[in-house]
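Take a look at the structure below.
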Amino acid sequence: MSDFELAIKTAAEKAVLKMVLDGSWIAPDYSNRFKMPPEMLADVWRMIDQDSLKAALAARIESELADRIVNMMAAEIATDVKQILSVQERRESIRHFARQHMDAIMGGAK
């Protein structure tokens, strides 16, 4: 490969990398978007039932908060379990305890 070809290849790679890094390859063209008349938007806004909107927002926020709280609790429990099981003696003790109960359950099922 000649120096010229190598320079072109390097320049093309840099140009593509710059385009990907700055996100210009997915930038929307705002100059060609559809513009709604302000009067229509004002009419639509007046038609919205504010109380219904607030109730819907409250229900969604409650649901999302509950999900986040549960996820945070699950992460805390997972961290605690990992810390507890990080000691080999504890792991063996828990395994021994579990085996005793599994044997009792399996023996009782016969």
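Out of Leu85, Ser24, Pro38, whose Cα points farthest toward the positive end of the dipole of the chain (charges: +1 Lys, Arg; -1 Asp, Glu; placed on Cβ)? Of Leu85, Ser24, Pro38, it is Leu85.
Using a simple spin-label model with pseudo-atoms 7 Å out from Cα toward Cβ, Met36 and Glu64 lie 2.0 nm apart. For the pair Asp43 and Lys9, label points projected 7 Å from Cα toward Cβ lie 6.2 nm apart. Mean projected area of the convex hull spanned by the Cα atoms of region 1-106, taken over all viewing directions: 19.8 nm².
Computed from the coordinates by the stated procedures, all read-outs in this text should not be read as laboratory data. Because the structure is predicted, anything quoted here is derived from the model rather than measured. With ideal geometry, Cβ positions are generated from the backbone for all residues, glycine too; neighbour counts draw on all protein chains shown.
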